[in-house]
Amino acid sequence: MKIAFFYGKQPSSFLTRLFTGSACYHVAFVDEQAGMLYDMNLLRRRRKWPDEFAGHQYRLADCPVAVGRDYLEARLTDDASVYGWRDYLLFALRPLYHLVGRSTRNAGGEICSEMVCNDLQANGWAVRFDEVPSPADLERLLLLRQ
């Protein structure tokens, strides 16, 4: 299993660079052997890899712990998280929360990087974040340190 970091989609890349310092706007699991991408986009989903992502800018990183296909397939059927507009709005307000010394919160859904982080932790990853991790947070930890 690998982790894909996505760049270049506008206005998403611009907004994430503005709020996080990185143009990485999306993160997901990639099972190259099965030809599948597992991600969160309002709901958990599975897409064909890399066919549906031709022309997309991305970089792959090794997964820091073993996350199996069976685990991700099971999460497709038992995950009740729904990421809505309130979650996007609260995440966009992240810099304002920091100005007043507060952590980022959400409205109950998971953003893509939160889903990846939670799945990594459920499979033994010991890294913890004080707040909801952004794609840029995971990018700095998993991709830029390789």
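Computed from backbone phi with θ = phi - 60° and the Karplus coefficients 6.51, -1.76 and 1.60, the 3J(HN,Hα) list for region 123-129 is 9, x, 6, 8, 6, 10, 10 Hz; x is used for glycine and proline. In terms of other Cβ atoms within 10 Å, F129, F14 run from fewest to most in the order F14, F129.
Label-to-label distance for V100 and D62 is 4.4 nm, based on points extended 7 Å past Cα in the beta-carbon direction.
Peptides 57-70, 30-43 ranked from most to least packed give 30-43, 57-70, packing being the mean of other C-beta atoms within 10 angstrom over each peptide's residues. Using 1/(1 + (r/R0)^6) with R0 = 22 angstrom and r between the beta carbons of F129 and L43, what's the FRET efficiency to the nearest 0.05? Using R0 = 22 Å, I get an efficiency of 0.45.
So if I place +1 on the C-beta of Lys and Arg and -1 on the C-beta of Asp and Glu, and nothing else carries charge, what would the dipole magnitude of the chain be about its Cα centre? I want it in debye, nearest 20.
On the way: 18 positive and 18 negative charges, 86 e Å.
Taking the Cα centre of the chain as origin, the dipole is about 420 debye.
Our compactness index for the chain, the C-alpha radius of gyration over the empirical 2.2 N^0.38 Å, is 1.00.
Calculated mean residue ellipticity at 222 nm for the chain: -9000 deg cm²/dmol, from DSSP H runs with n ≥ 4 weighted as -39500 (n - 2.57), summed, divided by the residue count and rounded to 500. Taking each residue as 0.36 nm, the span from D70 to A122 lengthens on full extension beyond its C-alpha to C-alpha distance by 17.4 nm. Note that region 49-63 has calculated 3J(HN,Hα) couplings of 10, x, 3, 6, 10, 4, x, 7, 8, 8, 9, 9, 10, 5, 6 Hz, one per residue in order, obtained from phi through the Karplus relation 6.51 cos²θ - 1.76 cosθ + 1.60 (θ = phi - 60°); glycine and proline are x.
Since every read-out is calculated from the coordinates, none of them should be taken as a lab result. What you see is a predicted model, and the numbers here were worked out from it, not measured in a lab. Cβ sites come from the backbone with ideal geometry, for glycine too, and all protein chains shown count toward neighbours.
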